[in-house]
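The values are calculated or read from the model by the stated rules, or taken from the named source; none is laboratory data. On a predicted model such as this, the values are computed, not experimentally measured, just so you know. Ideal geometry is used to build each Cβ from the backbone, glycine not excepted, and the neighbour counts take in all protein chains shown.
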Amino acid sequence: MRDSFLKKELIRVRGQQLIINNLINKKKFKIPIHLALGHEALSVAIAQNFSINDKLLLTHRNIHYHLSLSKTLNSSIEAYELKRKGLESGKYGSMNLINKKKGIIYTSSILGNNLPVSLGVAYAQKNKKNVVFVVTGDGAIEEGSFWESCVLAKSLNLKLIFAVENNDWSMYSSIKDRRSKINLKKFADSIGLKYLYLESNDVVDYFKKLKSYKQFIKENSVPGIVEVKLHTLGFKTIQRENKKKFINYHHGGIKDLKFYDNIILSKSKKDPIFVMKSS
């Protein structure tokens with residue numbers, strides 16, 4: 001029963017993103033919106049492991065978490081239109097959008113800015129039973145705020161989970177083009193953070209592993225790092241100076257999407273919908 005529901009949620013979040021993509025292409029919005037096609041397995045798994053008093057802090061690419069937790073498409077669309085009846089009275093646009101009723105209490109468009117803020121949130125919740133999630137990416141972990149936040153989280157034994165979305169890209173550069181490899185497992189082990197690596201892109205697998213992982217964090221009052229290998233789908237690449245660069249990667253609508261069997265965007269492990277239908 002749970003597996004079936006998770007798969008339905010995965011399809012819903014993908015479909016709603018595609019609706020918003022069409023609206024972007026029709027110039028419905030006056031603000032930048034960052035799609036997260038291919039990121040849905042993680043957001044659905046976190047949403048379904050989210051307790052009523054848990055807290056979530058997001059980055060500029062947050063659409064999949066809002067859709068996974070709120071379930072209503074209109075409130076997000078109206079927020080992007082800056083309408084009063086949208087989420088939080090339409091005051092936050094997309095890159096800073098929050099939803100206090102669903103536990104999304106802070107979102108920042110500044111790279112790495114939500115990380116130190118999550119420390120304060122987790123510290124305020126330290127004697128409670130809930131957990132705080134903060135989402136970041138492979139680009140933001142290059143900021144000093146990530147390392148400092150991890151160290152202080154362990155020093156204070158906060159029930160704080162750093163969820164790192166690793167899609168290999170930051171703006172228009174890949175990891176191999178901009179820095180040396182960072183081994184988050186070695187770092188986590190060295191300072192006593194609980195580490196979990198996810199790469200199957202299977203929403204059911206992610207749900208089960210996050211459920212036991214979150215329980216460990218709660219019972220032992222320790223912070224942790226969840227590193228997730230994923231792929232941002234739908235964006236074309238061009239060849240420049242022997243390096244691939246994304247077109248329209250950072251934000252905006254994606255035109256001329258190529259579909260395989262309804263809403264599948266890649267016939268590979270890169271697409272959680274394909275993984276779901278193949279299982």
In the list Glu40, Glu81, which residue meets the criterion of being of a type in the set (D, E, K, R) and buried (at least 23 other Cβ atoms within 10 Å of the Cβ)?
-> Glu40
Checked segment 199-213 for anything free of Cβ contacts under 8 Å to residues at least 40 places away in the same chain and either outside any helix (DSSP H, G or I) or in contact with a helix residue (DSSP H, G or I) (Cβ under 7 Å, 6 or more places away or on another chain) (or both); matches are Glu199
Any idea which of (1) hydrophobic (A, V, I, L, M, F, W, C); (2) surrounded by fewer than 19 Cβ atoms within 10 Å (Cβ to Cβ); (3) under 25 Å from Leu184 (Cα atoms) is the one Ile105 doesn't satisfy?
-> (3)
Determine which single condition Lys28 fails, assuming it passes every other condition in (1) modelled with pLDDT under 95; (2) assigned to a loop (DSSP other than H, G, I, E, B).
-> (1)
Only one of (1) surrounded by 19 or more Cβ atoms within 10 Å (Cβ to Cβ); (2) under 28 Å from Ser75 (Cβ atoms) is not met by Lys91, so which one is it?
-> (1)
Considering every residue within segment 65-77, establish whether at least one is modelled with pLDDT of 95 or more and in a strand (DSSP E or B).
-> no
Exception for Asn21 within (1) surrounded by fewer than 21 Cβ atoms within 10 Å (Cβ to Cβ); (2) under 20 Å from Ala163 (Cβ atoms) falls at (2)
Is it true that Asn53 is surrounded by fewer than 24 Cβ atoms within 10 Å (Cβ to Cβ), in contact with a Phe, Trp or Tyr (Cβ under 7 Å, 6 or more places away or on another chain) and under 28 Å from Tyr213 (Cβ atoms)?
-> no
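Let's see how each residue does on (1) touching a strand residue (DSSP E or B) at 6+ places or on another chain (Cβ under 6 Å); (2) modelled with pLDDT of 95 or more:
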site: Ile63; (1), (2): no, yes
site: Tyr80; (1), (2): no, yes
site: Leu97; (1), (2): yes, yes
site: Gly103; (1), (2): yes, yes
site: Leu119; (1), (2): no, yes
site: Ala122; (1), (2): yes, yes
site: Lys129; (1), (2): no, no
